Every structure is written in C-alpha cells, then in structure tokens.
Amino acid sequence: MENIVLDAVSRRLLRELQLDSRQTVQELSAKVGLSASPCWRRVKDLESAGILRRYTALVAREKVGLSTCILAQVSLARQTESAAAEFETAMQACPEVIECHSLTGDADYVVKVVVPDIKAYDAFLRRVMYKIQSVGTIRSNVVLREVKYETALPV
C-alpha cells in the first residue's frame with residue numbers, strides 16, 4: 001500500500017478524531033479551520049483511503065474485570081508458512097488476544113492477552129495455545145502496571 005502524503009489540515013483532522021471521534025462535523029471543522037462541507041469531505045476521503053479504519057470506544061479493562069495483562073513471547077516449533085498461518089488464524093479467533101505481532105529476534109510473536117486473573121490465563125493456555133501444533137515455546141510476562149498506554153498515533 002502506498003503512503004499518502006497528508007497536508008497540515010488532514011493531520012489536524014486525524015489528531016482531533018483520535019482525541020474524540022464522536023464530535024460533530026461542526027465541532028471538528030471549527031477546530032481544524034474548515035467549513036463543515038469541506039471538513040466532511042476530508043474525513044470521507046481519509047476513510048476511503050483506509051487511513052481512518054474504524055471508530056471505536058476505549059474501555060477501561062480493569063473496570064470490566066480484565067485486570068490481568070500478559071505479554072507472551074511465542075516461538076514456533078517449525079518455521080513454515082503453514083505453521084505461521086495456523087498460529088495467526090488461532091490468535092485472530094481469540095477474544096482474549098488483543099494484539100499479536102510477528103517479530104524478528106528470539107521469539108516469532110508477541111501476544112498481548114487480557115484476562116480476569118492468572119487462573120484464566122492458565123485456562124487460555126490449555127484451551128488455545130497448547131492445542132496449536134506449531135507452537136514450540138511460550139514465555140509469559142505478567143504486566144505489573146502500564147506505564148504508558150496510548151492509542152493515538154503521532155501524526
């Protein structure tokens with residue numbers, strides 16, 4: 001996918017939408033210095049280009065009972081395309097997995113898992129990870145506290 005060059009107004013739009021995507025076109029246009037119609041067209045263009053992928057709500061995980069966060073470093077037993085596809089398909093199907101990244105270095109993947117407690121993580125390992133034939137080793141790191149958590153990109 002090609003990189004799209006963003007002008008200053010598009011960058012302001014992206015910053016504002018990342019802060020609050022529920023604001024009206026009128027509120028947004030006032031903040032970025034456009035009238036409502038050109039502002040709406042710019043937002044639609046950003047959506048069409050795939051720059052704005054979706055709108056969502058951020059939920060405080062601890063307040064909904066997901067107080068345990070684990071970063072699992074996973075190494076595959078076999079370095080094949082089918083092994084990677086099997087693992088990635090399994091991760092995409094798990095609601096507890098909120099991030100999964102393919103890596104260079106010692107591990108093949110890092111997987112961010114959120115669960116109510118360590119017993120739930122053990123159940124996740126047994127129900128999901130241990131049943132994936134391509135998984136070789138799993139090194140689990142329990143997050144003690146999040147020092148920084150941001151969703152907004154520095155555009």
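No lab work stands behind these numbers, since they all come straight from the coordinates. Here the structure is a predicted model, which is why all the values come from computation and not from measurement. Positions of Cβ are backbone-derived with ideal geometry, glycine not excepted, and every protein chain shown enters the neighbour counts.
A few points about this structure:
- Where GluC sites (Glu not before Pro) in DSSP loops with at most 16 other Cβ within 10 Å are excluded, longest remaining stretch of the chain: 3-145
- Computed magnitude of the charge dipole of region 1-122 (debye, nearest 20; Cβ of K, R +1, Cβ of D, E -1): 700 debye
- Coordinate range of the alpha-carbon atoms in region 108-155 per principal axis, descending: 40, 24, 14 Å.
- Likely footprinting exposure, Y121, Y55, fewest C-beta neighbours within 10 Å first: Y55, Y121
- Projected onto its three principal axes, the C-alpha set of region 61-142 covers 40, 23, 17 Å, listed from the longest axis down.
- Look at D7, D108 and count the other Cβ atoms within 10 Å of each Cβ; fewest to most, that gives D7, D108.
- Projection of the Cα convex hull of region 8-48, averaged over all directions and equal to a quarter of that hull's surface, yields 2.4 nm².
- Label-point gap, in nm, between S21 and S102 - each point 7 angstrom along Cα→Cβ: 2.5 nm
- Three principal axis lengths of the chain [C-alpha, angstrom, descending]: 56, 37, 24
- Helix-only CD estimate at 222 nm, as mean residue ellipticity for the chain, using -39500 (n - 2.57) per DSSP H run (n ≥ 4): -10500 deg cm²/dmol
- Counting lysine pairs in the chain whose alpha carbons fall under 24 angstrom apart, excluding pairs fewer than 8 residues apart on the same chain, gives 7.
- Counted residue by residue at 0.36 nm each, then reduced by the alpha carbon distance between them, the extension gain from Y149 to A77 reaches 22.7 nm.
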